[in-house]
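Here's the structure we're looking at; comments come further down.
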Amino acid sequence: MKRLLAMIKARLLETVRDRSALAWNLFFAPLLVVGMATVFSGEPQAVLNVGVLGDAPLTAATNPFLGTEATQFLREADADKAIAKVQRHSLDLLLDLRAQPIRYWMNTDSAKGRLLQSLLKAQQPGAQLQPVSGAQIRYSDWLVPGLLGVNIMFSSLFAIGHVIVRYRKSGYLKRLHGTPLRAVEFISAQLLACLIIIVAVAIGVFIACKLTLHLRMEGSYLDLLLVTTLGAMSMIAMSLLISARISSEELSGGLLNLLSWPMVVLSGVFFSLDGAPSSVRAAAELFPLTQMLDAARAVMLDGAGLADIARPMLVLTLMTAVFLTLGARLFRWTPE
């Protein structure tokens, strides 16, 4: 019992002496709560999203269905783009109030779409369902790229960040510092080694999902591989930047969690952000996971080519370059 108590006391003293880790453990949870409360504060979020074609006011005075509770009505100017959103589960239903009788589009694989159809038909039995051209996208087709992206994100952030912090803490980096190896060479080697493993695992998981779930794949597999590689590179580089100077594994874990969980919530992994406030959508654009998922879904679901996804690919390239440059400049071989 004395030995057990002595070890407990030693561990507690070690934690208290590591001021950065102690401060992080005290402030991480409140900081996360405040951040999430800020993002999701305000009016209660709508459960259903309905696109509306036409210029009529989106009020119950225009049509009683526009007064449906817990539903957000979004004006859509382009019918083709709006129908594509219905296919991709970004909109649960699309209404055209200009026509008589009213026309509507829905994805038959969407449970929310079927619920809205029931509500609409109860109020206006004459509403006409319009065919959606092309194969309708299943929710699994939309969701699986997000889940694969999350797996890549966690592997990229935690697989290399903790390793470098442990190298620094154990003195391994100090020994390497005595060799001709430069910081940029060490960081580049870590990035490439981690990238090979993560991309190889991602390919294996994708093949398994493709065979078992029969995922929709409209574009080029080579383009998808390029998106995956560039997305993983950007998040590995982000992890390298975080671990460039830290020697506390607890602190690095807290910082990586601070980066990863907002990306899980705000990068459109489980649901579309089309109906989210503009501030939330703008914040989501700053995350590499958002850029990677937008490009991957465009390739898989829409058959987009490299020219179509040039913007997210450019953003990922710039993020990778900035993170690597800063990581190399801030890198320390020994603990501070």
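The values are calculated or read from the model by the stated rules, or taken from the named source; none is laboratory data. In this text the structure is predicted, and so the values were computed from the model without any measurement. Neighbour counts are summed over all protein chains in view; Cβ atoms, including those assigned to glycine, are modelled from backbone coordinates with ideal geometry. Quick note on the areas: whole protein, heavy atoms, side chains included, nothing else; ligands and nucleic acids left out. Shrake-Rupley method; radii C 1.70, N 1.55, O 1.52, S 1.80 Å.
A Cβ distance below 8 Å, combined with a sequence gap of six or more or placement on separate chains, defines the contacts here; from segment 110-130, residues that are within 22 Å of Ser90 (Cα to Cα) and modelled with pLDDT of 85 or more reach residues that are part of a helix (DSSP H, G or I) and among the charged types (D, E, K, R) in the pairs Ala127/Lys121.
Lys85 meets each of the listed conditions (1) surrounded by fewer than 23 Cβ atoms within 10 Å (Cβ to Cβ); (2) more than 23 Å from Phe270 (Cβ to Cβ) apart from (2). Evaluating Gly268 against the criteria (1) without any contact (Cβ under 8 Å) to a residue 60 or more places away in the chain; (2) buried (at least 21 other Cβ atoms within 10 Å of the Cβ) leaves one unmet condition, (1).
Quick check: is even one residue across segment 219-237 at pLDDT 85 or above and not in a helix (DSSP H, G or I)? Yes, there is a match, as at least one residue in segment 219-237 is at pLDDT 85 or above and not in a helix (DSSP H, G or I).
Okay, residues lined up against (1) within 27 Å of the chain's Cα centre (by Cα); (2) among the basic types (Lys, Arg):
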| site | (1), (2) |
| --- | --- |
| Met106 | yes, no |
| Ser110 | yes, no |
| Lys121 | no, yes |
| Gln124 | no, no |
| Val132 | no, no |
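If you go through segment 148-173 and pick out every residue that is part of a helix (DSSP H, G or I), over 20 Å from Leu259 (Cα atoms) and either at pLDDT 85 or above or not charged (D, E, K, R) (or both), you end up with 5. Considering (1) acidic (Asp, Glu); (2) buried (at least 17 other Cβ atoms within 10 Å of the Cβ); (3) free of Cβ contacts under 8 Å to residues at least 12 places away in the same chain, the lone condition that Asp308 does not fulfil carries the number (2). Looking only at residues in segment 79-93 that are small (Gly, Ala, Ser) and in a helix (DSSP H, G or I), the one that is nearest to Ala296 (Cα to Cα) is Ala84.
Inside segment 238-287, residues that are out of contact with any Gly (no Cβ under 6 Å at 6 or more places or on another chain) and assigned to a helix (DSSP H, G or I) make up a count of 24. Within segment 297-313, take every residue that is touching a helix residue (DSSP H, G or I) at 6+ places or on another chain (Cβ under 9 Å), farther than 18 Å from Arg281 by Cβ and not in a loop (DSSP other than H, G, I, E, B) and give me the one that is modelled with the lowest pLDDT. By that ranking, first place goes to Asp302. If you take the residues of segment 196-218 that are outside any helix (DSSP H, G or I) and among the charged types (D, E, K, R), which of them is most open to solvent (accessible area, probe 1.4 Å)? So, considering only residues that are outside any helix (DSSP H, G or I) and among the charged types (D, E, K, R), the one most open to solvent (accessible area, probe 1.4 Å) is Glu218.
Ser234 passes every criterion in (1) within 19 Å of Ile196 (Cβ to Cβ); (2) open to solvent by 40 Å² or more (accessible area, probe 1.4 Å); (3) touching a residue at least 40 places away in the same chain (Cβ under 8 Å) apart from (2). Of all residues in segment 219-231, those satisfying the criterion of being surrounded by fewer than 19 Cβ atoms within 10 Å (Cβ to Cβ) and either among the hydroxyl-bearing types (Ser, Thr, Tyr) or free of Cβ contacts under 8 Å to residues at least 40 places away in the same chain (or both) are Ser220, Tyr221, Leu222, Leu225, Thr229. The set of residues from segment 284-305 being surrounded by 16 or more Cβ atoms within 10 Å (Cβ to Cβ) and hydrophobic (A, V, I, L, M, F, W, C) comprises Ala284, Phe287, Leu289, Met292, Leu293, Ala295, Ala296, Ala298, Val299, Met300, Leu301, Ala304.
Output yes when any residue across segment 255-267 is under 20 Å from Ala202 (Cα atoms), at pLDDT 90 or above, under 12 Å from the mean Cα position of the chain (by Cα) and β-branched (Val, Ile, Thr), and no when none is. The answer is no; no qualifying residue exists. Restricting His177, His162 to residues that are touching a helix residue (DSSP H, G or I) at 6+ places or on another chain (Cβ under 7 Å) and open to solvent by 40 Å² or more (accessible area, probe 1.4 Å) narrows the list to His162.
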